[in-house]
Every structure is written in structure tokens, then in C-alpha cells.
Amino acid sequence: MMRTIAKLLLVSMVGLIGVGATTAASPLARTQKLGILNDSGTHWVLQNSADYKMKWTVRDSNPYQHYELYAGPGGLVYVQTTDELKAIQPATGNAVWKHPSLWDSELDPVIGSDGAFYKVAYAKMDHAIYVTQVTRFNSDGTLSVYKLGDRLTSAEVDAQGQFRLRAAGDTQGHFVLATNQGLVSLNPDGSTNWTLGKVSTDSGEIDLTAVDDLFADGQDRLYVRLGGTMLALNLDGSLLWARDYGLQDLRNTYLVTKDGYLLQSTSSNDYGAYPVRLYEMAETGLKAVYQPSIIASQMANQDGRGGIYRVNETQEMVTDSWLSTGAFQWTYQLGKMERASGQGLRADTMRTDAKGNVYVGSNVGNVYALDNLGKPRFIIAVNNAQQSYPDILPVSDSLTLIAVNNRLVAIEKVAKKS
């Protein structure tokens, strides 16, 4: 990326500002046309073909195909298409197994802490849904189907008009569902493990028939949020603790991480900019966490150095700022020509890998890969005429899967010769 002298002089004060143009000296100037055509009949282009290459690609014969990518256990990748769910080996693209399974545009799947993939069948009623069936896809391709009858879940409609299911898969293979009858834990074979309508605490009984959030971590615990209070449960449903942290619903979204930290995201009027905080849920209250190693292991938008990424959709910009202070480390913005043509970044396409590299997609299918200092690694220029957003899954810092419409592509870092 080209950076002006003036902007480079401001590095120590405001960080790097990248812009969407290249010079002959830029590694992005080395390009390769890929054997893939966009919706206008022109080739996808890989920028920085000296360091990256297309490893494999799959094209579905259905031009309206849709791919969604999910990280599975043991290096597998789950791929949901419009009509099937399959697990693939990311190094080859070969399917390990596949099952007929229709894509649901309204309800996201649940990935259990044990790596199982859960899909829910339901019937709508006003602003709630009846969960009628849960299908568990194990990582080995076997599946179990749970028939649930008429347990009415408490669900809400989000800003996109989608239902949000309060459910979690724990480390022992149980699927736990919040319903208007309380919590229900199902065994891997579909039988009922336990039900829990209320819990007794030192300050009285707590009703579990109107749960706000339900999570499972990777440490054999469940977490239940009811308003400002958080409960921690063992996997047998017994209570570990109940603590009133004064959590606020307005504009806040919560998530419990794999190691039991609380992640709070606060929405703002600046589209795509969501201030976040990471907390230890201590007995004495919430304690903010700023250690880079913990941030890197617990947060999906981390840069590996104690900073976090955000996408500002208003300014078409990726920012990297310190979690502790909010101060910018650097920003990367689409170039003037890209912005003038109507191209824009999409916040929910952003992904990071274990080394803190960040990947972001645009509304024409393009993918921008940056390192944690803001330096572009590669760009996939799709440039569709019709609006299309890529789904991106970094398998590692050297292998990235990208899905755009009916194309699934693997981009690999070229091994340097010794």
C-alpha cells in the first residue's frame, strides 16, 4: 500500500494510515489472474502473487449457491451450502463427509464446545419460536436427531430480523436449551439429561424460565445471564455461583469465552464500531483484562499484541487500537477510487488468525488481508457487479479459505526456498 510522506511522519503519534492504492515497489503490484470469473465475466485477481497462490478452488454448478464456513475440531472445516452440510479438509478441499441439510437464513447454527455442529428446526409464533427438533452433527459425520415436542423457547428478533436462540453445546456433548419451562440439557443421543426451572441462592430462588443469555465454555461450565446477574453452573445443572454484576441490556451484547472470561460489546451509531471490554468474572466483581496473551487467546478480533480490530463501515476503514486505552495503533482505509465507486467494507466479514493477522471483506466480494502492523499481505480482487460479501475463514496464518457466491477458494502462503 502507498503511504504518503506526511502520514509516515505521523507514525509515532497516530499510527499508520494505509490507503487503497499500490506503487511499483509494493508487493501488491505483483498480480495474477486466477482462473475464476466474477459475475461480469472478468477474472478474479490475486495481488501479491509473489508470496501467495491459489491452492485449490471448488465451483458449484448452481450460480445461486451459498457457502458459510465454520471452524471445526481437529482442523476440519464445516461448510454449509444451500442444501447440504459437509466437513472438509482445508488443505485439499476434499469432503470428509456430507449430509443433506438446508441452509437457514434466520437462525444461526450452534457450534458446541466439543466441536459438534447443531442445527435447530422450529416454528415461529410472534416473537418466539417453538423448537421442534435439534440435529447434532458429530465431527466424524454421525448424527443424532432430537424430537422436542412443544418446548417454547424465549427468543428475540435482532436488528436484521433474525431470531436469536438461547442455546449452547457443552464440552461433554450435551445440548442445553433455554425454554419457557427453564433450562433443558439433552444427551448426545437426544434423551433428556436434566431440566432446571429455578435455582436456590443465598439471596433466594432465581427463575430460569426467562433467560437472557446462555453460554458454555471450554472448562466444563455453563453460564446463564438474567438481567444484571450471571450464574455459573456445573454440567449436571448444579449451581457454582450467582453474582450480580449490574450488567446492562441497553446496547450491550455479551459472550463468555472458552476460558470463562466475559466479553462485552457495546453498539454505537458509528456502523461497525463496537467498543469491547474483556472481564474476569471475579467473586468481588468484574475485573478488566488487558494482558496481551489473554486478549490473544480469548478475543476473535485480536491483533496478538494487546490491541483489537474494528471495522468502521462509515469511513470504510479498519482500525487497530489498544484495548487498554483505545488509542489507535494504525488504520487502513479503502482508496478514494474504491470508495467513489461505492465499494465498502463489511464489519461482520472480519476474521483474525492466531498470529493476529486480520482479514476483511467488501461488498463486491473483495478480501483484504493485513498483518498486525497494518501492512497488506494480499488482496483478492473479485469486483462483482452485484453486491456480494465473502465469507472468510483463516485456517492458519498461511492458509485462508474464502467463499464468494458459488466459489470456494483456498489461498496459501508460498513457502520460501531455503
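Coordinate-derived values only; no laboratory data. What you see is a predicted model, and the numbers here were worked out from it, not measured in a lab. In this analysis, Cβ positions are derived from the backbone assuming ideal geometry, glycine residues included, and neighbour counts consider all displayed protein chains.
Okay, here's what the table says:
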quantity	calculated
5 angstrom amide H check on V364, placed H, neighbours 5+ away	G344, S388
q = 0.22, 0.33, 0.34 Å⁻¹, segment 361-403: log10 I(q)/I(0) [Debye, one scatterer per Cα]	-0.74, -1.17, -1.20
Dipole of segment 217-360 [Lys/Arg +1, Asp/Glu -1 at C-beta], most positive-end residue of N252, T325, L235	T325
Fraction of alpha-carbon pairs over 26 Å apart in the chain - percent	58
Debye intensity ratio in log₁₀ form over the Cα atoms of segment 39-149, taken at each q of 0.21 Å⁻¹	-1.20
Dipole of the chain, positive end: most advanced residue of S362, Y52, T132 [Cβ charges, Cα centre]	Y52
In segment 28-113, chymotrypsin sites (Phe, Trp or Tyr not before Pro) in a DSSP loop with at most 15 other beta-carbon atoms within 10 Å	Y64
Kirkwood Rh in Å, taken over segment 114-254 so that all alpha-carbon pairs contribute	15.6
Residue-by-residue Karplus 3J(HN,Hα) for segment 284-299, coefficients 6.51, -1.76, 1.60, Hz, glycine and proline x	8, x, 6, 10, 4, 10, 10, 5, x, 5, 6, 4, 5, 8, 10, 10
Residues D202 and D348, FRET efficiency given R0 of 35 Å [Cβ-Cβ distance, rounded to 0.05]	0.30
Dipole in debye (nearest 20) - the chain, about Cα centre, beta carbon charges: Lys, Arg +1; Asp, Glu -1	1800
About the Cα centre, charge dipole magnitude for segment 114-254 (Lys/Arg +1, Asp/Glu -1 at Cβ), debye	340
Links that overshoot a 29 Å alpha carbon limit, given the list K55/K355; K287/K375; K86/K416; K55/K258; K55/K98	K287/K375; K86/K416; K55/K258
Long-range HN-HN contacts of I129 with modeled amide H, under 5 Å	T153, A155
Among 310-319, 256-265, the order from most to least packed when residues are scored by Cβ within 10 Å on average	310-319, 256-265
Backbone HN-Hα couplings from phi across segment 35-43 [Karplus 6.51/-1.76/1.60, Hz, Gly and Pro as x]	x, 9, 9, 7, 6, 9, x, 9, 6
